[in-house]
Each structure stands twice: as C-alpha cells, then as structure tokens.
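Quick notes on the structure that follows.
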Amino acid sequence: MAPMTWTFSPERVDTPDATALRRDYYDDVASRYWKRPATRAEIDEGLTDDGAELLIPPTGLFLVARYEGKPAGCGGVLLLDEDRAELTRVFLRHAFRGLGGAGALLGTLEEAARELGARRMVLNTRLDLVEARALYTRHGYDEIPPYCTGPYMDIWYGKDL
C-alpha cells in the first residue's frame, strides 16, 4: 500500500477550497472562543475585510494543504517589514490532525517566508489554542514581547529563519 501524502500549494484565498478552509478555520477558533458554535453570519462577518487579500506575493502567501488530494488545511505568511513575516491562519481540519501535516505545513510556510525575504517569523495566538501553541514551541518558536495588539491576542512567538 502506498504511503499517504501531504502536498502544499499556493492558492488565492478566494478559490473554493481556500474559501472553505478559511471558513472552517474561523468557525473553529471563533467557536472555541465563544464556547458555542459560531453562526454562518458571524463567520461571514469575521472573514469580511480580514486582510487575507494581502496573502499574495510580494506581500505574502497563502497555502492550501491537501492530504491524498483532499483539502485538509491552510496557512499564510504576511510580510510585516523587510525582515519579519507573520504566520497566520494556520489550520488543519480535525479529521486530518495527527497525520504529520501540521509540522510539514509549518515548515513549508517558513520556507515561503524565507523566499519572500523574511529572516524572522512571528505570530500571535490565544492561550486557549493549546494545540497551536504546542506546535509552535515544538518547532522552535519562543515567546516574545507583543509586536501588535488586538482583542484575540494573548501570547506572541518568534523564530529566526
């Protein structure tokens, strides 16, 4: 039997697969934050003017992760300045977790940031997103002082690329 494979490809954020993954990402993080399922209207509102249009070269990149060809996850990098890129919207659908995709996606996003000219990756997340925090620290990210502020930011991480 052939091994299961992951692929990661740059995509516009408005393709059908990317749109569905971005909706699932927002549904997951918002539902956890509110401790109830997010409504369709709340997801629509959360995705409106969220800055995802900047996730294209030369300002950034959005990747879709596929497992055996099925859309399984996504992630983006956004250049903040000439040295730093921000890791954003890193997500794997629950059915695809535990299959080695998160680390591979993170590595592919780091390589994309390097190709865009970044020498350091930074990110912000919430304390309740324990799986994400574990992923980042497992892959060499250290807690850093805040580089931005917002209502859904509790902790900041950075890593030299």
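For this structure, a couple of remarks:
- Gyration tensor (alpha-carbon) shape descriptor, the range 84-127, a/c threshold 1.5: oblate
- Solvent-accessible area, 1.4 Å probe, carbon plus sulfur percent, for the chain: 55 percent
- The Cβ shell under 9 Å around GLY76 holds other residues with a net charge of 0, Lys and Arg each +1, Asp and Glu each -1.
- For GluC sites (Glu not before Pro), the sites in the range 74-135 that DSSP calls loop and that have at most 13 other Cβ atoms within 10 Å are GLU82.
- For the range 103-161: rounded, prolate or oblate by the Cα gyration tensor [a/c cutoff 1.5]: oblate
- Listed residues MET121, MET153 arranged by accessible area, highest first, probe 1.4 Å: MET153, MET121
- Listed candidates (1) 16.0; (2) 17.3; (3) 18.8 - label of the one calculated as Kirkwood radius over Cα pairs in Å: (1)
- Surface accessible to a 1.4 Å probe, per residue, for the residues of the chain, Å²: 53 Å²
The values are calculated or read from the model by the stated rules, or taken from the named source; none is laboratory data. As the structure is a prediction and not an experimental result, all values here were calculated from the model. A quick note on method: Cβ atoms are made from the backbone with ideal geometry, for glycine too, and the neighbour counts reach across all protein chains shown. These accessible areas exclude ligands, DNA and RNA; they are computed on the full protein's heavy atoms, side chains included. Shrake-Rupley method; radii C 1.70, N 1.55, O 1.52, S 1.80 Å.
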